[in-house]
Each structure stands twice: as structure tokens, then as C-alpha cells.
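*Asks:* Please see the structure below; I have some questions.
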Amino acid sequence: MTRTITKEKRIIGQRIKYFRELRGMSQIELNRLAGYKGRGMMGFIEEGSTGVSQDKLKQIAEILNVPVSVLVTPIEMPDAKIEILSNVIKILQMEGKTPNLDAIAVLAKQDANGLA
């Protein structure tokens with residue numbers, strides 16, 4: 001069976017891997033906590049060759065303690081910026097505010113000097 005890697009699946013997979021490693025989890029551990037029966041499913045997800053359902057993505061985000069919006073924002077960015085945006089979103093959510101994904105996209109596109 002041929003698996004197609006799309007940009008969207010690859011970005012989501014990279015972010016899941018980043019936060020999994022940041023939390024010190026193995027693929028096997030996240031695989032088990034997310035309820036996948038196949039041992040290698042998380043590897044396929046992280047490489048972008050398998051998509052994730054909305055329900056499963058929400059479950060993985062909860063396990064990794066990261067907002068789903070950070071996993072699905074379709075902009076490539078360095079890991080450090082992903083972590084910062086994740087923390088900003090969590091703070092907004094704790095204050096009862098809804099993060100604006102368009103504003104997050106603008107922040108994500110800026111370089112270290114704040115210039116687009």
C-alpha cells in the first residue's frame with residue numbers, strides 16, 4: 001500500500017513529534033496512550049504518511065498538553081516558535097479568550113527580528 005505524504009500531514013506529524021520528544025515520550029508510549037493498536041502508527045503519523053482524525057488529533061493534543069490549533073496551523077516554523085505560540089494560545093485559553101488563528105499565522109511568519 002502506497003502512502004501519500006502531503007504538506008499538511010507532514011507539518012502535523014512534525015509538530016506531534018516535536019511535542020512528544022519535548023515531553024520525553026516514546027512513540028510507543030504516545031501510541032498506547034492515544035489508543036492505537038498497531039505499534040508503528042505513531043511513526044506513520046509523524047512522518048506524514050498517515051493522517052489523523054479530528055477526534056484522535058484532539059486526544060493526542062490533550063496527551064501532549066498542547067492546543068490542537070498549534071498542531072494544525074498550516075505554516076512551517078522553527079520548533080522554538082511553535083513552543084512560544086503554544087504557550088501564548090494556552091494563556092489566552094486560560095483567560096477565556098479564543099485564539100485568533102489568523103493572528104497566530106502572522107506571528108508565525110515573522111522572523112526573529114519581527115520582520116515578515
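Computed from the coordinates by the stated procedures, all read-outs in this text should not be read as laboratory data. Note that this is a predicted model, so its numbers are computed, not measured. Positions of Cβ are backbone-derived with ideal geometry, glycine not excepted, and every protein chain shown enters the neighbour counts.
*Asks:* If I model a spin label at Val68 and Ala80 as a point 7 Å from the Cα along the Cα→Cβ vector, what separation in nanometres do I get?
*Replies:* It works out to 3.1 nm between the two label points.
*Asks:* Please report, in debye to the nearest 20, how large the charge dipole of the stretch 1-86 is about its Cα centre when each Lys and Arg carries +1 at its beta carbon and each Asp and Glu carries -1 there.
*Replies:* In debye, rounded to 20, the stretch 1-86 gives about 260.
*Asks:* For each pair in Lys7/Lys81; Lys37/Lys58; Lys9/Lys97; Lys17/Lys97, compute the distance between the two Cα atoms and list the pairs where it is over 23 Å.
*Replies:* From the list (Lys7/Lys81; Lys37/Lys58; Lys9/Lys97; Lys17/Lys97), the Cα-Cα distance tops 23 Å for Lys9/Lys97; Lys17/Lys97.
*Asks:* Once you put a point 7 Å from the Cα of Leu92 and another 7 Å from the Cα of Thr4, both along the Cβ direction, what distance in nm separates them?
*Replies:* The answer from the label model is 3.2 nm.
*Asks:* Right, next: Which of the three applies to the stretch 7-109, rounded, prolate or oblate, going by the alpha-carbon gyration tensor with a ≥ b ≥ c and a/c under 1.5 meaning rounded?
*Replies:* Verdict is prolate for the stretch 7-109.
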